[in-house]
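So the structure is just underneath, and the comments pick up after that.
The values are calculated or read from the model by the stated rules, or taken from the named source; none is laboratory data. If you're wondering where the values come from, they're calculated on a predicted model, not measured in any experiment. Every residue, glycine as well, gets a Cβ built from its backbone with ideal geometry; the counts of neighbours run over all protein chains shown. Ligands, DNA and RNA are stripped out before the accessible areas are found, and what is left, the full protein with its side chains, is counted by its heavy atoms. Shrake-Rupley method; radii C 1.70, N 1.55, O 1.52, S 1.80 Å.
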Amino acid sequence: MGNASEGKHAESGRAPAPVLFAGSTRRTHEEPHASSRFQSSLAPMNVIVLGAGVVGTASAWYLREAGHDVTVIERRSGPAQETSFANGCQISVSHAEPWATPAGLLKVVQSLGRADAPLLFRLQADPLQWRWCLQFVRECAPGRVAANLRRIVALAEYSRRSLQALRARLGIEYDGLTRGILHFYTDEREFERACHAAAAMRDLGCPRMTVDADEAVRIEPALAPVRRKLVGGDFTATDESGDVHRFTTQLAARGAAAGIRFIYNTTVTRLLAEGDRIRGVEIIDADGRHRVLHADAVVVALGSFSVGLLAPLGIRLLIYPGKGYSATYPILDRDAAPTVSLTDDGHKLVFSRLGDRLRVAGTCELNGYTRDLNPVRCDAITRRVRALFPDACDYDNATYWAGLRPLTPSNVPYIGRTRFSNLYLNTGHGTLGWTMGCGSGRAIADIVSGRRPEVDFAFTDGLRA
């Protein structure tokens, strides 16, 4: 079989698409390295991207913009149908903090044995889980926390600017709101810790401002009924929210129109190595046939499922699935439901207004690759939302969902080269896939194209284990 893209234009009946918007793209001062768009220090290549979540789809988009011929392989029937399907929908740069901190470690310990705890840890006879946990403890050292925070914030800020520029150019609608994100606190000690965290984020250039309870209610009037329970909050006006599934679906459609080939209902079974290169991607297609696709470069953006695919190659990623839950409620009273995206730190829940729906997501369950819904955890979410906004939503008709966040112990994703010269990683974004998606996609497109990304981040280079 020839290149992954072989015969696709004949199949579609279209002539090959030109490089997207070449020569006519609107550029703004907010868009990262716009002057280098469509330029590559390498000749155009055939690139396979594995995974069509927000990270994989963004990677494919920017690779196509760089002039490459791109094919995306996805086991589901369309884009954004796993971790990007129904998450919390926040683009939260100023709260893009590592979980591995001394306070975070204490929360894990305090949560042990509680079925409805925001952080639920179920110990298993799984070597990956044990190695992940040991590294998590190491990442709690103050020096590591500071370094991880700098990397995460740098990539998140770069990604937000990339998303804003892309949104302006393409006019994608995805229930996006640019009203900021407000964290509110009902516990004095939690609020004191948040004040220190806010100061640290301001030192990194994030405008995360501490506010009192009255100001929190002024920012989001829907919190007025619980004003007496609030002790304070912090607010970042530059943060955003929006439906990541809608965004990714529309970006994939634009990408397909621009010449990206999306192959759905197709499972990647293994990567075929030869020397220091990947010579092929073995798949089972929608008809149940085994096939091998060939390309000049392969980008792995499979989230939690990257681990099993890469382990036979000697690439042992420290990514463990963290099952997160969400509930989506029809809104009954528009004035009683929040319009500013919220985070309830004490219960580890985020709230995002999506048109006439309220999405509430959070909690984390370290329990392997299972996605079954735990009724105890679903009920805990609805109980908390009903207590905060009793008249806002139809709580009897909630839509529950669970997805596997690809967590690294440091919360820093793997982006960059492996020891195989044509195999690249863009995975392990944890709870920040939507926040980091566009920037990660742009960065990996630069790396594949032989350019240095214009963001200060610890990219992988020759990763082996």
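Relative to the longest principal axis of the chain, what angle (0 to 90°, nearest 10) does the C-alpha long axis of helix 54-65 take?
Helix 54-65 and the main axis of the chain meet at about 40 degrees.
Can you give the local net charge around PHE420? Use residues other than it whose beta-carbon is closer than 9 angstrom to its beta-carbon, Lys and Arg +1, Asp and Glu -1.
+2
Note down the nm distance, to one decimal, between modelled labels 7 Å out along Cα→Cβ at LEU134 and at ALA286.
4.5 nm
Using just the C-alpha positions of region 403-457 as equal point scatterers, what log10 of I(q)/I(0) does the Debye formula give at each q in 0.25, 0.27, 0.30 1/Å?
Summing over Cα pairs of region 403-457 leads to -1.04, -1.14, -1.25.
Give a residue-ordered list of calculated ³J(HN,Hα) values for region 301-307 (Karplus: 6.51 cos²θ - 1.76 cosθ + 1.60, θ = phi - 60°; whole Hz; x for Gly, Pro).
Values per residue, Gly and Pro as x: 10, 9, x, 4, 7, 5, 4 Hz.
Collect residues whose amide H, placed 1.01 Å from N in the peptide plane, falls under 5 Å from the amide H of ALA273; neighbours closer than 5 in sequence don't count.
ARG279
As a test of the formula, what do you get for the chain when each DSSP H run with n ≥ 4 contributes -39,500 (n - 2.57) and the sum is divided by the residue count, at 222 nm and rounded to the nearest 500 deg cm²/dmol?
Roughly -9500 deg cm²/dmol at 222 nm, from the helical runs in the chain.
Tell me, what ³J(HN,Hα) does each residue in region 173-185 have, in order and in whole Hz, if you take phi through Karplus 6.51 cos²θ - 1.76 cosθ + 1.60 with θ = phi - 60° and put x for Gly and Pro?
9, 8, 6, x, 10, 10, 9, x, 10, 10, 8, 10, 10
Could you run the Karplus curve 6.51 cos²θ - 1.76 cosθ + 1.60 with θ = phi - 60° over region 416-433 and give me ³J(HN,Hα) per residue in whole Hz, x for Gly and Pro?
x, 7, 10, 6, 8, 5, 10, 10, 10, 10, 8, 7, x, 7, x, 7, 10, x
In square angstrom, rounded to the nearest 10, how much accessible surface does ARG451 have for a 1.4 Å probe?
50 Å²
For region 191-250, rounded, prolate or oblate, judged on the Cα gyration tensor with a ≥ b ≥ c (square roots of eigenvalues), a/c < 1.5 rounded, else prolate if a/b > b/c?
oblate
Under 5 Å between amide H atoms, partner at least 5 residues away or on a different chain: which partners does TRP401 have, H built in plane at 1.01 Å?
Here SER326 satisfy the definition.
Just to check, using Stokes-Einstein with a Kirkwood Rh over alpha carbon pairs, what's the diffusion coefficient of region 341-465 at 10 °C and 1.306 mPa s in µm²/s?
D = 92 µm²/s.
Which whole-number percent of Cα pairs in the chain have a distance greater than 40 Å?
Result for the distance tail: 17 percent.
Of the beta bridges DSSP finds with both residues in the chain, what % are antiparallel, to the nearest 5?
65 percent
Relative to the longest principal Cα axis of the chain, at what angle does helix 188-203 sit, 0 to 90 degrees, rounded to 10?
The answer is roughly 40 degrees.
Calculate, for the chain, the solvent-accessible area per residue in square angstrom, rolling a 1.4 angstrom probe over the heavy atoms of the protein chains.
40 Å²
Rounded to whole Å and ordered largest first, report the semi-axes of the equivalent ellipsoid of region 268-403 derived from its Cα gyration tensor (root of 5λ).
41, 16, 14
Probe radius 1.4 Å, ligands and nucleic acids left out: which of LYS323, LYS107 has the largest accessible area, and how do the rest follow?
Sorted by accessible area, descending: LYS107, LYS323.
Mind giving me the FRET efficiency for THR178 and ALA336? R0 is 25 Å, r the Cβ-Cβ distance, nearest 0.05 is fine.
0.70
With r defined as the distance between the Cβ atoms of ARG386 and ARG76 and R0 fixed at 41 Å, what FRET efficiency is calculated, to the nearest 0.05?
0.80
Around SER352, with a cut-off of 14 angstrom between Cβ atoms, what is the net charge of the other residues, counting Lys and Arg +1 and Asp and Glu -1?
-2
Extension gain ARG228-ASP456, at 0.36 nm per residue separation less the Cα-Cα distance, in nm?
Contour length minus the Cα-Cα distance gives 77.8 nm.
What nm distance separates the two modelled labels at GLU188 and LEU170, each placed 7 Å from Cα along Cα→Cβ?
Distance between the two pseudo-spin positions: 4.9 nm.
Pulled fully out, how much extra length does the chain show between ALA199 and ARG279, if you take 0.36 nm times their separation in residues and subtract their Cα-Cα distance?
Here the answer is 23.9 nm.
Rounding to the nearest 10 and keeping the result within 0 to 90°, find how far the Cα-based axis of helix 375-388 lies from the longest principal axis of the chain.
That works out to roughly 60 degrees.
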